[in-house]
Amino acid sequence: MKIKKLINLLVLILAAVVCTPALNFAQDSSKITLDYGTDMVSRYVWRGTQFGGASPNVQPYVEAAFGNFVFGSWGAYSLGGFSPFQELDFYAAFSLMDDMVSITATDYYFPDESVDYQYFVYDELITGHLFELSASFNGTDKIPLSVLIATNLFGADAIRISDDSTTSFLRDGIQYSTYLELGYSTICSNLDLDVFLGVNLTNPREADASTGYPGETGFYGSKMGVVNIGITVSKELKISNTFSLPVMASVITNPQSQKIFMVFGFSL
């Protein structure tokens, strides 16, 4: 099934779900929960990779939840620096087992204002979209461990180079790059403490001089291995009797690229 037909089908299914009288959404708006907000961070680091250079980043979101479903949008916009950057994502998630397990589909998109980007282009060879499917175990109070596994299914993944050396620089589909992350959460000195480790599970093919094969570039790294290790400390900073400001600080390193980052942020 072509991607345009698939997207149209998903839109029709979503419309049918929202408009079905049996679900009683229209008759009782209290069943639908709307939320919005924004995070301000000193720099944007995602899965061990920095985006937008070493500049502050504003990251707004808006989402709607009803029952076990959540639909939302999330963005990221750099506030200066030498590498202007923006991102606009849409996601749909379904939770089960009292939110202990989640299944999420995400459409990542990176607009480039320096060119005439076209958002509604879904051709596999030129699209700027990246569709990911992920599953996560979110942990419990008794088991403060989390596991995330995410796979790119379509779009602007890393280039999978053709075996034919004469056309080796032409795009030949995506690598289905896969990322695995393990996390542990606890409380230390009245602070929320999260420790995480992320692994690139995709091993791009190396160059082969005998055949003229130029090699591949991985979406998360140049080879299979650890790409994201870090620790996040967060707390609610009391501003007044009626307002508290959530603040956080992270130290993140990517052993494969030999980079390390310090990130501070707060939520509104």
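The values are calculated or read from the model by the stated rules, or taken from the named source; none is laboratory data. Bear in mind the structure is a predicted one, so any value in this text is a computation, not a measurement. Counting neighbours? That spans all protein chains shown, and the Cβs are built from the backbone with ideal geometry, glycine included.
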Does Ile103 count as surrounded by fewer than 18 Cβ atoms within 10 Å (Cβ to Cβ) and either among the polar types (S, T, N, Q) or assigned to a loop (DSSP other than H, G, I, E, B) (or both)?
-> no
Residue list for the stretch 58-70, filter: in contact (Cβ under 8 Å) with a residue 24 or more places away in the chain and not small (Gly, Ala, Ser) = Pro60, Tyr61, Val62, Glu63, Phe66, Asn68, Phe69, Val70
When the stretch 187-224 is checked residue by residue, the ones that are assigned to a strand (DSSP E or B) and within 19 Å of the chain's Cα centre (by Cα) are Asp194, Val195, Phe196, Leu197, Gly198, Val199, Asn200
Just one listed residue, out of Val263, Val251, Val227, is touching a Phe, Trp or Tyr at 6+ places or on another chain (Cβ under 9 Å), of a type in the set (Val, Ile, Thr), free of Cβ contacts under 8 Å to residues at least 24 places away in the same chain and in a strand (DSSP E or B), and it is Val251
Return only the number of the condition from (1) over 21 Å from Val45 (Cβ atoms); (2) of a type outside the set (Phe, Trp, Tyr); (3) buried (at least 17 other Cβ atoms within 10 Å of the Cβ); (4) modelled with pLDDT of 75 or more that Ile159 does not satisfy.
-> (4)
Answer yes or no: is there a residue in the stretch 89-109 that is farther than 20 Å from Ala150 by Cα and under 19 Å from the mean Cα position of the chain (by Cα).
-> no
Index of the failed condition, Gly139 passing every other in (1) under 21 Å from Ala93 (Cβ atoms); (2) modelled with pLDDT of 90 or more; (3) of a type outside the set (D, E, K, R) | (2)
The stretch 124-141 residues that are touching a residue at least 12 places away in the same chain (Cβ under 8 Å) and surrounded by 14 or more Cβ atoms within 10 Å (Cβ to Cβ), paired with ones that are of a type in the set (Ser, Thr, Tyr) and in a loop (DSSP other than H, G, I, E, B) (beta carbon under 7 Å, 6 or more apart) | Gly128/Tyr117; His129/Tyr122
From the option list Tyr61, Tyr108, Tyr77, Tyr119, single residue qualifying as assigned to a loop (DSSP other than H, G, I, E, B) and at pLDDT 90 or above is Tyr119
Please specify each residue of the stretch 41-99 satisfying the condition of being within 23 Å of Gly139 (Cβ to Cβ) and of a type in the set (Asp, Glu).
-> Glu63, Asp98, Asp99
Any residue at all in the stretch 170-179 that is in a strand (DSSP E or B), crowded, with 18+ Cβ neighbours inside 10 Å and either among the polar types (S, T, N, Q) or modelled with pLDDT of 90 or more (or both)?
-> yes
